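The values are calculated or read from the model by the stated rules, or taken from the named source; none is laboratory data. The structure displayed is predicted, hence computed values, not measured ones. Neighbour counts run over all protein chains shown; Cβ positions are idealised from the backbone, glycine included.
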Amino acid sequence: MARTQRTGIRQVRQDVHERPFLVIWEATRACALVCQHCRADSQTEPHPMQLTTAEGERLLDDIAGFGAPSPMVVISGGDPFERDDLTELIGYGKRRGLSMALAPSVTPKATRERFAEAAAAGAKAISISLDGASAATHDGFRGIDGVYDATLPTCRDIVDLGLRLQINTTVTAQTIHELPEVLRQVIDLQAFLWSVFLLVPTGRGDALSALPADEVEDVLHWLVDVSHYLAVKTTEAPHFRRVVLQRRRAGAVDVAETFGLGPTYRRLRAALDDLLAERDLPTRVPRPPLDINAGRGFVFIDHLGGVYPSGFLPVPGGTLRERTLIDIYRNAPLFQQLRDPAQLGGRCGVCEFRNVCGGSRSRAYGVTGDAFAEEPTCTYQPTGGAVLDAAGAPT
Ligand code: SF4
């Protein structure tokens with residue numbers, strides 16, 4: 001499949017009807033932290049029925065069985081360092097030709113030695129959470145004091161070991177004011193990629209406040225600005241792709257004026273300008289956002305083998321204890337429907353960006369109970385024009 005120009009949207013090489021680009025495996029729910037926004041409601045002990053080593057290896061066989069180009073695999077949790085067989089599983093996936101990454105928690109188990117072991121076994125990238133720029137905010141999120149102070153040296157160890165560091169930041173109404181300072185830290189930590197997650201109301205996330213639609217729009221436009229200096233991706237905000245295409249089409253304009261943005265954008269932009277005035281940050285060609293969505297290029301497997309379109313969309317397509325991942329991904333009705341833009345309702349169903357955006361199906365489900373309802377945090381009003389492709393051209 002052809003890729004678009006560097007400034008458009010990146011279509012993955014995989015035919016997303018046949019195989020995912022990214023597989024996230026929640027290898028355990030055990031975790032020492034009690035994060036407020038954790039989708040998993042993590043436990044201190046592993047569930048007695050969590051997938052065994054042999055079942056994990058069968059899962060990795062199944063992922064490799066999708067064929068080339070193979071999906072990327074992220075072993076997450078809970079905390080994957082709670083599994084004694086973690087290095088074995090990473091090595092197994094590597095030998096099956098899979099690109100392996102980890103999403104651990106920062107606990108006393110996240111030592112430099114364990115990261116070195118993961119790297120030696122074949123892990124290429126590590127994602128670490130940083131949700132605030134201060135101990136009060138970050139530790140408040142994580143539910144335990146001291147996590148913030150441990151996170152910064154952990155990130156330095158990861159980079160020092162030659163692993164790619166991704167920093168994940170959850171944005172909520174309570175923490176948005178710290179976003180510019182988090183950006184500063186992400187740059188200082190030499191992260192390879194900043195993943196900004198727009199909270200979905202599910203699990204413990206219910207206790208936090210998601211941003212209203214107009215502020216989400218402000219943040220997405222600010223992230224387009226940031227992407228000229230740092231590789232950025234969004235999680236559960238596919239409308240970032242719509243914003244990227246709109247900005248590309250608009251060219252050099254007064255962004256706040258042209259797009260009717262609010263005070264949050266102006267404040268974030270001013271903070272970015274301050275940072276640029278202080279630092280001589282080199283500009284970069286923005287990393288085009290990937291055209292994947294729940295069940296369309298993306299699949300999540302929970303600790304018991306349940307297969308979901310997303311970790312934030314708690315409706316399973318099936319379980320690995322009854323069917324193969326390949327069968328569920330390709331044939332489960334839920335997955336097939338999620339790959340069909342004609343199933344979308346509300347504004348998403350008539351939107352000219354529906355083929356390249358489609359809205360967060362997890363948020364639609366979390367807010368309305370209907371996974372095909374319109375994205376609740378998108379301000380865009382469809383114009384009735386032709387459906388657009390990944391280059392922003394009419395199809
Ligand atoms: S209306 Fe839906 S499909 Fe259109 S840009 Fe918004 S979220 Fe995306």
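Numbers for the structure displayed
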quantity	calculated
Segments classed as helices (runs of 4 or more DSSP H), wholly inside the range 326-395, with at least 2 members that are closer than 21 Å to residue 316 by Cα and within 13 Å of the ligand (Cβ to nearest atom)	361-368
Of the criteria (1) in a loop (DSSP other than H, G, I, E, B); (2) within 16 Å of the ligand (Cβ to nearest atom); (3) surrounded by 12 or more Cβ atoms within 10 Å (Cβ to Cβ), which one residue 229 fails	(2)
Single residue of 322, 278 found to be out of contact with any strand residue (DSSP E or B) (no Cβ under 9 Å at 6 or more places or on another chain), modelled with pLDDT under 95 and surrounded by fewer than 18 Cβ atoms within 10 Å (Cβ to Cβ)	278
Residue that is modelled with the lowest pLDDT, among those in the range 245-257 that are away from the ligand (no atom under 11 Å from the Cβ) and buried (at least 17 other Cβ atoms within 10 Å of the Cβ)	248
Conditions (1) surrounded by 17 or more Cβ atoms within 10 Å (Cβ to Cβ); (2) within 14 Å of the ligand (Cβ to nearest atom): number failed by residue 214	(1)
Test: residue 78 is surrounded by fewer than 16 Cβ atoms within 10 Å (Cβ to Cβ) and on the phi > 0 side of the Ramachandran plot	no
Single residue of the range 134-161 satisfying the filter (modelled with pLDDT under 90 and of a type in the set (A, V, I, L, M, F, W, C)) that is surrounded by the fewest Cβ atoms within 10 Å (Cβ to Cβ)	136
Residue in the range 377-391 that is within 24 Å of residue 171 (Cα to Cα) and among the hydrophobic types (A, V, I, L, M, F, W, C) present	yes
Single residue of 164, 184 found to be surrounded by fewer than 19 Cβ atoms within 10 Å (Cβ to Cβ), in contact with a helix residue (DSSP H, G or I) (Cβ under 7 Å, 6 or more places away or on another chain) and on the phi < 0 side of the Ramachandran plot	184
Enumeration of residues in the range 60-70 that are in a loop (DSSP other than H, G, I, E, B) and modelled with pLDDT of 95 or more	66
